[in-house]
Amino acid sequence: MISKLLQNARDYEAQMLEQIPDAERPGFHLTGGCGWINDPNGFSYYKGAYHIFYQYFPYSNSWGSMHWGHAVSEDLLSWKRLPVAMAPDEKYDNFGCFSGSGLELEDGRHMLLYTGVETLEKIPYRKDRIRQTQCLAFGDGENYEKYSGNPVILPENVPGGCMEGDFRDPKIWRDADGIFYAVISAMNHDATCRIVLFQSDNGFDWEYACTLAESTHSLGGMWECPDFFELDGKHVLLVSPMAMMPMGHEFHVGHNTMAIIGEFDKKNRSFRQESMQAIDSGIDFYAPQTMMTPDGRRVMISWMQAWSNSMFVPPGVRFFGQLTLPRELSIRDGRLIQTPVRELLGRRKEKVICKNVQPGSEKTVLAGVSGRMADMTVTVKDYVMLKRLVIRVAADETCHTDIILMPRKHVLRIERDHAGYLYDIVHSREMTVVPRLGVYKLRFILDKYSLEVFVNDGERAGTVTFFTPLDAEGIEFYCDGHTTIDVEKYELS
Ligand code: FRU
């Protein structure tokens with residue numbers, strides 16, 4: 001049975017889709033049908049295809065009562081839109097169907113575990129009093145039915161209890177032993193947060209297993225959207241902390257994303273942390289989620305926006321929010337490494353190679369190097385006398401977005417304050433970079449309204465979106481000091 005709320009959302013989206021031409025959208029980054037999207041949800045492989053859902057409010061460009069939008073893909077790059085999967089149509093999720101995850105069951109059903117948010121009390125001029133619980137839905141890849149016994153995990157099930165309004169974002173998986181596991185964020189009464197592990201034999205009856213990690217006041221308050229998985233012999237916990245104090249160049253003030261790498265002793269239920277790093281050091285990246293592909297790759301996708309900037313949507317925009325390019329994860333020298341999924345190589349065409357370029361202090365352009373859908377690698381081979389190398393993309397007389405390498409400071413800066421945004425929001429970020437194998441290697445993935453930069457084969461990543469008019473297609477180089485670079489550039493189809 002499809003509820004009225006769900007049918008309304010499906011009808012509204014279908015009507016809007018007719019009005020928004022595909023050419024208005026990015027080439028290979030997923031957007032919502034219309035209106036607002038945030039976190040990716042339910043990223044999973046089901047019946048031979050990749051499924052992704054996302055936090056969705058189709059009716060406006062700002063966050064509202066959360067639905068789950070849905071799309072499917074065979075190659076993680078071309079997404080086919082499917083009808084809206086869930087609406088906030090039950091008492092226990094009448095405030096919204098918040099983030100969650102998905103899994104294929106042996107009996108052929110697609111299982112979703114998500115956070116139902118219920119309004120307990122409306123208080124005039126104040127935020128509603130809400131309660132968050134974990135809920136199930138089952139479907140066939142297109143239509144989903146919520147479980148009649150919902151909710152299945154309650155704030156009271158966390159030992160010592162937690163804030164009933166901050167218990168969310170379950171990430172589910174099933175281990176080889178057949179047991180279901182889910183990591184969930186639970187805010188403590190002192191405004192710190194625990195990432196709790198729950199387990200279940202049947203997917204319906206859950207019990208608390210252990211606490212994997214805990215935020216302290218210096219590492220932010222709530223840690224949203226946890227994910228936990230094995231990678232290259234280690235275990236990795238991903239979280240998106242809110243309200244963090246800055247820590248050097250690694251974490252900026254406010255919302256961050258963080259990977260904690262360590263050893264998980266499953267028998268004794270303890271996660272020993274070894275290192276901690278930012279997942280993406282750009283401007284627009286939050287709430288990543290991973291899945292395992294059938295060929296054994298751990299792939300991560302994320303919301304390509306940030307809460308602090310998302311309240312400022314340029315006029316005329318008909319869909320707001322995108323998901324990042326899916327990225328393959330690995331561990332190298334104790335660090336989380338991310339590279340665009342290898343499927344992207346199949347989209348490359350029109351190869352241009354420029355060797356031993358020495359950009360000057362005035363604008364340097366290279367024949368064949370321009371465009372808004374591109375995969376470009378710049379290898380900086382000589383940087384002893386280099387103060388600043390500016391690589392300018394999406395550029396014309398008025399607009400541009402800059403990536404600035406300052407080797408003497410070991411800094412890479414992203415700057416988009418001339419990108420066409422008319423708002424005084426966060427427009428720049430810096431990250432620490434060091435040469436690897438004697439060079440700085442910067443890979444740029446441009447897709448109309450976004451740039452994802454990968455440093456030294458995925459050692460660091462920085463993501464930024466912009467609303468620059470599409471005819472600003474220039475790619476330019478400027479050098480303060482002296483350098484020699486190689487540029488390899490492809491158009492992406
Ligand atoms: C993270 C988040 C989640 C929540 C969802 C609501 O961006 O705040 O914690 O489930 O968004 O849309």
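Since every read-out is calculated from the coordinates, none of them should be taken as a lab result. All values reported here derive from a predicted model rather than from experimental measurement. Note that we place each Cβ from the backbone using ideal geometry, even for glycine, and neighbour counts take in every protein chain shown.
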**OP:** Take Arg348, Arg460 and order them by how many other Cβ atoms sit within 10 Å, fewest up front.
**Re:** Arg348, Arg460
Subject >> Residue among Gly360, Pro340, Pro294 farthest towards the positive dipole end of region 291-449, charges placed on Cβ >> reply: Pro294
Subject >> Cβ-placed point charges (K, R +1; D, E -1), dipole of region 247-314 about Cα centre in debye, nearest 20 >> reply: 340
Original post:
Using the 10 angstrom Cβ neighbour count as an exposure proxy, how do Met376, Met311 rank, fewest first?
Top reply: Met311, Met376
Subject >> Where Rh is the Kirkwood radius over Cα pairs, Rg/Rh for region 209-281 >> reply: 0.97
Original post:
Quick one: net charge of Ser78's neighbours, Cβ under 10 Å, K/R +1, D/E -1?
Top reply: -1
Original post:
For the chain, what number results from the quotient of the Cα radius of gyration and 2.2 N^0.38 Å?
Top reply: 0.96
Subject >> Sequence of Tyr490, Tyr423 once ranked by neighbouring C-beta atoms within 10 Å, starting from the fewest >> reply: Tyr423, Tyr490
**OP:** Just order 380-391, 161-172 by mean Cβ neighbour count inside 10 Å, highest at the front, would you?
**Re:** 161-172, 380-391
Original post:
What full-extension length gain, to one decimal in nm, is calculated for Arg174 and Arg436 as 0.36 nm per residue of separation minus the Cα-Cα distance?
Top reply: 90.6 nm
Original post:
Want the number for Phe138 to Asp22: 0.36 nm per residue separation, take away the alpha-carbon distance, what's left?
Top reply: 38.7 nm
**OP:** Among Leu237, Pro226, His189, pick out the residue whose Cα is farthest towards the positive end of the charge dipole of region 176-238, where Lys and Arg carry +1 and Asp and Glu carry -1 on C-beta, about the Cα centre.
**Re:** His189
**OP:** Determine, from the Cβ-Cβ distance of Thr398 and Ser62 and an R0 of 25 Å, the FRET efficiency 1/(1 + (r/R0)^6), rounded to the nearest 0.05.
**Re:** 0.35
Original post:
Given 0.36 nm per residue, what is the gain on full extension from Leu345 to Ser308 after removing their alpha carbon distance, in nm?
Top reply: 10.0 nm
**OP:** Using only Cα atoms, find the angle between the long axis of helix 4-19 and the longest principal axis of the chain, and express it within 0 to 90 degrees, rounded to the nearest 10.
**Re:** 20
